[in-house]
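Q: Could you have a look at this structure, given as structure tokens, before my questions?
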Amino acid sequence: MLDWINILSNWAIPVMIAFIPLYASFKKVPVYESFVDGAKDGFSTAIGIIPHLVGMMVAISVFRASGALEFFTGWLSPLLARLSVPSEVLPLGILRPLTGTGSLAFTTDLIKTYGPDSMIGRIASTIQGSTDTTLYVLTVYFGAVGIRNGRYALKVGLFSDIVGFIAAIAVCLLLFG
């Protein structure tokens, strides 16, 4: 069964890449022209989101450099210790909604320090896969399409990140603890 899944995953993207242009040409869609038009739109979208990206990166840098991350970690560590949750993963839970690259770097550091098969490595990996970069997504995508009032999306996104963080820890403690 595992061999079949590996074969399927190895061939899925090449088959899709070949199928889409073939199907489009069968439907008489000008494939190359459509691609170029999409690339033009993508370029203007990329230019439009640069100010939002810069603002988000500055905010993340200020958050980390100000000591706010360490403050929150120190404040919540006693509670986590009583719940048998390693406090080393808490900064990941705070960083993950802010930045994908920063949280991935933090996860990589945790795995290098404690090992991929340690409880901390497993929890960090599960958090990385169970949560999203909510503030980044809202900033970039809402900024790209001009949405100014995203407060409900922010509440739901952050709530889902908290649920994902707690669920990742609970599942790892249940399965590996």
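Q: Out of the trypsin sites (Lys or Arg not before Pro) in the stretch 18-87, which ones are loop residues according to DSSP with at most 14 other C-beta atoms within 10 Å? Before the final figure, lay out the partial values.
A: On the way: sites: LYS27, LYS28, LYS40, ARG64, ARG82; in loops: LYS27, LYS28.
Here the sparse-neighbourhood loop sites are LYS27, LYS28.
Q: I would also like to ask the following. With a 1.4 Å probe and every protein chain kept in, tell me what percent of the accessible surface of the stretch 79-177 is carbon plus sulfur. Before the final figure, lay out the partial values.
A: Numbers: 3530 of 5440 Å².
After summing per-atom areas, the C and S share lands at 65 percent.
Q: Separate question: Hey, how much of the P(r) for the stretch 82-173 falls beyond 15 Å, as a percent of Cα pairs?
A: Details: 2428 of 4186 pairs.
Of all Cα-Cα distances in the stretch 82-173, 58 percent exceed 15 Å.
Q: Give the separation of the Cα centroids, the stretch 45-124 to the stretch 10-43, in Å.
A: 37
Q: How much accessible area per residue does the stretch 1-148 have, in Å², with a 1.4 Å probe?
A: Values: 9850 Å² over 148 residues.
Heavy-atom SASA per residue in the stretch 1-148 reads 67 Å².
Q: Note the angle between two axes, namely the Cα long axis of helix 151-176 and the longest principal axis of the Cα atoms of the chain, as a number of degrees from 0 to 90, rounded to the nearest 10.
A: The angle comes out at about 60 degrees.
Q: If you count, for each residue, the other Cβ atoms within 10 Å and average over each peptide, how do 15-24, 158-167, 98-107, 53-62 line up from highest to lowest? Walk me through the numbers on the way to the answer.
A: Working: 15-24: 11.3, 158-167: 15.7, 98-107: 18.3, 53-62: 13.6.
Ranked by mean Cβ neighbours within 10 Å, highest first: 98-107, 158-167, 53-62, 15-24.
Q: Moving on. From the phi angles alone, apply the Karplus equation (6.51, -1.76, 1.60; θ = phi - 60°) to the stretch 101-109 and give each ³J(HN,Hα) in whole Hz, x where the residue is Gly or Pro.
A: 5, x, 6, 5, 5, 5, 4, 4, 5
Q: Say each of ALA153 and VAL58 gets a label point 7 Å from the Cα, pointing the same way as Cα to Cβ; how far apart are those two points in nm?
A: 2.2
Q: Relative contact order of the chain, please, whole-number percent, based on alpha carbon pairs below 8 angstrom and at least 6 residues apart.
A: Values: 124 pairs, mean separation 35.3, N = 177.
Computed over the chain, the figure is 20 percent.
Q: Still on this structure, please answer the following. When all alpha-carbon pairs of the stretch 9-84 are counted, what percent fall beyond 15 Å? If you can, show how the numbers build up before the last one.
A: Numbers: 2173 of 2850 pairs.
So the portion of pairs separated by more than 15 Å is 76 percent.
Q: Taking Cα atoms, how many degrees apart are the long axis of helix 2-26 and the longest axis of the chain, rounded to 10 and kept between 0 and 90?
A: 40
Q: Could you work out the helix-only [θ] at 222 nm for the chain, with each DSSP H run of four or more residues adding -39,500 (n - 2.57) and the total divided by the number of residues, to the nearest 500 deg cm²/dmol?
A: After summing the helix terms and dividing by the residues of the chain, the value is -26000 deg cm²/dmol.
The values are calculated or read from the model by the stated rules, or taken from the named source; none is laboratory data. Values in this document were obtained by computation on a predicted structure and should not be read as measured data. Every residue, glycine among them, receives a Cβ derived from its backbone with ideal geometry; neighbour counts consider all protein chains shown. Calculation scope for accessible area: heavy atoms of the full protein, side chains included, ligands and nucleic acids excluded. Shrake-Rupley method; radii C 1.70, N 1.55, O 1.52, S 1.80 Å.
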